[in-house]
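Structure, as structure tokens:
Just so you know, all these numbers are worked out from the coordinates, no wet-lab data involved. As the structure is a computational prediction, the values presented were derived from the model and not from experiment. Using ideal geometry, Cβ is built from the backbone for each residue, glycine included, and neighbour counts are taken over all protein chains shown.
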Amino acid sequence: MDGTHGSAVVGLFGCKIQPRNATPKPVWNPDLRNEIDFDSTWVEVPDTEESVNGFRAQWEEFIRHVVADTEHRYDFLAGARGMLLAEKGLESHRTGARIDLPEISADRVPDTVEGAETGEPARTEH
């Protein structure tokens, strides 16, 4: 991500930043070799808190909901939207194209969900 005060590269297990004032300013000269080590100008952002496993956190929340017999913040349609998003993400990756997400409501299930017509579960290619 590039911003007005620097750049950042964020992954699942780390984040590196390059503040604007630390960004190298190379001058192109075809007669001289570039001696700047661009990778060394990035700074690792330290972890300031323990990462929580998202799947575990959601499972624990669900178990508390079952034990307390209360409403859960995610309903069946939220699960259906999540499944559709995962399927469309796989389709986008497979085709290399952007994919529109149809609306899901209790009244309408999109025809594009794999297996919706036959009742068969969706299959993913690995």
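Worth a mention:
- In percent, rounded to a whole number, the relative contact order of the chain is 12, using alpha-carbon pairs under 8 Å and six or more apart.
- Over the range 2-44, the pair-distance histogram of Cα-Cα distances with 5 Å bins from zero comes to 5, 19, 25, 19, 15, 10, 5, 1, 0 percent, rounded to whole numbers.
- Among 75, 47, 39, the largest mean-square fluctuation in a Gaussian network model of the chain, built with springs joining Cα atoms closer than 10 Å, belongs to 39.
- Charge dipole of the chain (Cα centre as origin; +1 on each Lys and Arg Cβ, -1 on each Asp and Glu Cβ, all else neutral): 400 debye, rounded to the nearest 20.
- Overall, the ratio between the Cα radius of gyration of the chain and 2.2 N^0.38 Å, rounded to two decimals, is 1.68.
- Once the C-beta distance of residue 61 and residue 16 is scaled by a Förster radius of 25 Å, the resulting FRET efficiency is 0.20 to the nearest 0.05.
- Over the chain, dividing the summed -39,500 (n - 2.57) contributions of all DSSP H runs of at least 4 residues by the number of residues returns a 222 nm mean residue ellipticity of -9500 deg cm²/dmol.
- Choice from 54, 82, 11 with maximal GNM fluctuation in the chain (Cα, 10 Å cutoff): 11
- Computed label-point distance, nm, for sites residue 47 and residue 74 using a 7 Å Cα→Cβ extension: 2.3 nm
- Within a Gaussian network of the chain (alpha carbon springs, distance under 10 Å), most fluctuating of 73, 33, 64: 33
- Comparing 84, 54, 40 along the charge dipole axis of the range 38-92, the residue lying farthest to the positive side is 84, per the Cβ-charge model.
- Order of 38, 13 under a 10 Å beta carbon neighbour criterion, fewest first: 13, 38
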